[in-house]
Amino acid sequence: MTSADLDLAELGQQLRVDAVRATSSAHSGHATSSMSAADLMAVLLARHLSYDFDWPEHPGNDRLILSKGHASPLLYAAYRAAGVVSEEELMSFRTLGSRLEGHPTPRLPWVDVATGSLGQGLPIGVGVALAGERLGESESRVWVLCGDSELAEGSVWEAFEHAGYERLASLTAILDINRLGQRGPTRHEWDLDAYARRIRAFDWHTVEVDGHDPAAVDAAYAEAKRVTDRPTAILARTRKGRGVKAVEDLEGHHGKPVPDEAEAVAELGGVRDLRVEVARPAATTVPRPPGGPRIELPAYTVGDRVATRDAYGEALAALGSARPEVVALDGEVGDSTRAEFFAKRHPDRYFECYIAEQELVAASVGMAVRGWLPFASTFAAFFTRAHDFLRMAAVSGVGLCLAGSHAGVAIGEDGPSQMGLEDLAMFRALYGATVLYPCDANQTAQLVAELVGESGLRYLRTSRGADPVLYGPDERFPIGGSKLLRSSQDDRLTVVAAGVTVHEALRAADELAEEGVPVRVIDLYSVRPVDAAGLREAAEATGCLLTVEDHRHAGGLGDAVLEAFSDGRPVPRLLRLAVDSMPGSATPEQQLRAAGINAGAIATAARQYLAGYGG
């Protein structure tokens, strides 16, 4: 049966039946949330989506993002109708080893991003549309199916603002307004105009429609495709649990199978086996080949004082010249993060997200979906606002590079609201993340280049102040490595530092050397993965590791070092200096001293240890 001849109402019923059967087979899952949006999905699949299921990476494919990820049974039912998920696989929903998880993930090749944490689909869709429209890749469309409950999330309104400002005409938000949330009615229930007024205020075109009238939905999608100067939101009035009297528009059924599967399937007209011939995209450009000319990284003279944030910006700009797939995004602090260096050299690949860190990360995820390599920059402290987006990016397995500047108390007078003191812990906790903390300009530049070859989430922590360049421009810094800066056969303990505390550790080592106390100094620039072998060697040689970090105790450098000894072998004596007070405003030098992480504090801790244990 062709899409033109297909009875859209019948297809909608099939999707409902399959959602009922899948959730009942699993004894869990969101049947009613899937049933409300079944007609919306049916019309999209049969009449408007352009997608080659045999070639998910086709650059001309439309993108479908199920922001209301709990309605995954609906998505899987649509895949069955498209002929890419079998009856047997549909019935494996939510079982061990199945690709059909409770909320969709890219384990399925047609799912671009993991969803389920509400309020993320539309912000990511903005990034996908931005890449498609601003970078000249494709004329494909981006369809995002949202639930009404998630419209209470602030991230959704960041997305509405961003998309409206950028006038992303390829983006259509399909809003399933079914009135009921998890524990009861939503804020605006079926007041479509309440939603429409707010969305229109962000320069969107809006269409209000009966979400169970396939002809009206078809016309609404067609209208959205005709709008060429702004994004479109289709507000569809639907009924949760549509078609089954035992659950339709009734509270208390969220996240549950229907009470009686056989009765519900019969009421919906029985099992069907309709197949949809989804339109394939027209021929378009092939994906961009990665790579380019050799990267000409900036080089700095040993002894000069250069801030690592400056080196990051200059290295990023150089990387952009060599790698055409690199894009940069910033949260209106590009003059501080130094991402502005990239903006000046590559303005066509630079995206200003303003003070909206959730949208900053989400847009980066969307661009990664399109095959770009995003570098997103803001203050280290402000990435905490977007932690859930980073968490879900890790679930999605997308490749993102993130740079957090103004880390630690060393930023000085701005005070604690601007100090990133939890960022290492946050990024280290994310699945598969790489976490780097350079101490000088040449190291920073080299690590920016190293990030390109990694996968998943990659975080680089930079500092505000200028510190001496320690390494020559030809020094290499493999991820997972460390650098031994001071060592001798007579070392009595090892100081492990990263970033600004490396310079403090070296000053402390010089002070102790004058007293006849040799100590080893390790620059642990790779915080994850950590150089376990190097740390074990130092522990065996000196018997004690003293970690010092411009970060909170929990989850930072000290914990990273401790994990190197979590395989059952003997743990060395471990001393830890970190920020455990609440800073105020002071100069960087005063901050480091007050936090107990400056050279004097390191030397004192070493002396106390040696006095107590005799070295």
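Read-outs: derived from the displayed coordinates by stated rules, not from any lab. Only a predicted model underlies this, so the values are computations on that prediction, with no experimental measurement involved. Reconstructed Cβ throughout: ideal geometry from the backbone, glycine too, with neighbour counts over all protein chains shown.
Kindly write out, for region 409-422 in residue order, the coupling ³J(HN,Hα) from the Karplus curve 6.51 cos²θ - 1.76 cosθ + 1.60 (θ = phi - 60°), rounded to whole Hz, with x marking Gly and Pro.
Residue by residue, region 409-422 yields 5, 5, 5, x, 5, 4, x, x, 5, 9, 8, x, 10, 10 Hz.
Determine the gain in length on full extension of the stretch Ser581-Asp191; use 0.36 nm per residue of separation and subtract their C-alpha separation, reporting nm with one decimal. Numbers along the way, then the final one.
Working: separation 390, 0.36 × 390 = 140.40 nm, distance 4.95 nm.
Full-extension gain reported as 135.4 nm.
Enter the angle in degrees (range 0 to 90, nearest 10) between the Cα long axis of helix 357-369 and the first principal axis of the Cα atoms of the chain, meaning the one along which they spread out most.
That works out to roughly 70 degrees.
To the nearest 10 degrees, how steeply does helix 121-134 sit against the main Cα axis of the chain, on a 0 to 90 scale?
In the chain, helix 121-134 runs at an angle near 80 degrees to the longest axis.
By per-residue mean of other Cβ atoms within 10 Å, what is the highest-first order of 453-466, 326-339? Intermediate results must be reported in sequence, preceding the final value.
Details: 453-466: 20.9, 326-339: 23.0.
So the peptides 453-466, 326-339, ranked by packing, come out 326-339, 453-466.
For the chain, give the magnitude of the charge dipole about the Cα centre (Cβ charges: +1 Lys/Arg, -1 Asp/Glu; no others), in debye to the nearest 20.
400
What ranking do 300-309, 211-220 get when scored by the average of other Cβ atoms within 10 Å per residue, highest first?
Descending packing order for the listed peptides: 211-220, 300-309.
Could you check the spin-label model distance between Ser488 and Asp260? Points 7 Å from the Cα along Cα→Cβ, value in nm.
Output for this residue pair reads 8.7 nm.
For helix 214-226, what angle does its Cα long axis make with the longest principal axis of the chain, in degrees from 0 to 90 and rounded to 10?
The two axes meet at around 50 degrees.
Between Gln590 and Glu332, how high is the FRET efficiency from 1/(1 + (r/R0)^6) when r is the Cβ-Cβ distance and R₀ = 22 Å? Nearest 0.05. Intermediate results must be reported in sequence, preceding the final value.
Details: r = 29 Å, r/R0 = 1.31.
So, using R0 = 22 Å, E works out to roughly 0.15.
Just to confirm my numbers, what's the Cα centroid distance between region 207-235 and region 16-84 in Å?
Result: 19 Å between the Cα centres.
Just want the answer: with Cβ charges of +1 for Lys and Arg and -1 for Asp and Glu, which residue in Ala410, Val521, Gly121 is farthest toward the dipole's positive end in the chain?
Toward the positive end, the furthest listed residue is Val521.
Mind giving me the nanometre distance, one decimal, between the label points for His27 and Thr301, set 7 Å out from Cα along Cα→Cβ?
That separation, rounded to one decimal, is 7.4 nm.
What's the extension gain from Arg107 to Tyr165 if we count 0.36 nm per residue and subtract their Cα-Cα distance?
On the way: separation 58, 0.36 × 58 = 20.88 nm, distance 3.34 nm.
Value of the extension gain: 17.5 nm.
Would you calculate, for the chain, the mean residue ellipticity at 222 nm contributed by helices, counting each DSSP H stretch of 4 or more residues as -39,500 (n - 2.57) and dividing by all residues, to the nearest 500?
About -10500 deg cm²/dmol.
Taking the Cβ of each residue in Ser33, Ser140, Ser28 as the centre, tally the other Cβ atoms inside 10 Å and list the residues starting with the fewest.
Ser28, Ser140, Ser33
Here are several values of semi-axes √(5λ) of the Cα gyration tensor in Å: (1) 44, 27, 22; (2) 40, 31, 26; (3) 52, 25, 21. Which one was derived from the coordinates shown?
Only one listed value fits the structure, namely (3).
From the square roots a ≥ b ≥ c of the eigenvalues of the alpha-carbon gyration tensor of region 483-529, which class results: rounded (a/c under 1.5), prolate (a/b over b/c), or oblate?
Since a/c reaches 1.5 but b/c is at least a/b, the shape of region 483-529 is classed as oblate.
Which order, highest average first, do 597-607, 49-59, 369-379 follow once you tally other Cβ atoms within 10 Å for each residue and take the mean per peptide? Intermediate values should be presented prior to the final figure.
Numbers: 597-607: 21.0, 49-59: 16.1, 369-379: 25.0.
Order by mean packing, descending: 369-379, 597-607, 49-59.
Rank the residues Asp148, Asp490 as a footprinting-exposure proxy: fewest other Cβ atoms within 10 Å of their Cβ go first.
Asp490, Asp148
For region 187-315, give the magnitude of the charge dipole about the Cα centre (Cβ charges: +1 Lys/Arg, -1 Asp/Glu; no others), in debye to the nearest 20.
480
May I ask you to sort Glu296, Glu537 by Cβ crowding, counting other Cβ atoms within 10 Å and putting the fewest first?
Numbers: Glu296 10, Glu537 15.
Taking fewest neighbouring Cβ atoms as first place, the list is Glu296, Glu537.
Does region 355-413 come out rounded, prolate or oblate, given a ≥ b ≥ c as the square roots of the eigenvalues of its C-alpha gyration tensor, rounded meaning a/c under 1.5 and, failing that, prolate meaning a/b above b/c?
Since a/c reaches 1.5 and a/b is larger than b/c, the shape of region 355-413 is classed as prolate.
Contour minus end-to-end for Glu223 and Asp414, with contour as 0.36 nm per residue of separation and end-to-end as the Cα-Cα distance? Spell out each step's value before the answer.
Numbers: separation 191, 0.36 × 191 = 68.76 nm, distance 5.03 nm.
Fully extending the segment from Glu223 to Asp414 adds 63.7 nm.
For region 305-468, what class follows from the C-alpha gyration tensor (a ≥ b ≥ c being the square roots of its eigenvalues): rounded when a/c is under 1.5, otherwise prolate if a/b is larger than b/c, else oblate?
rounded
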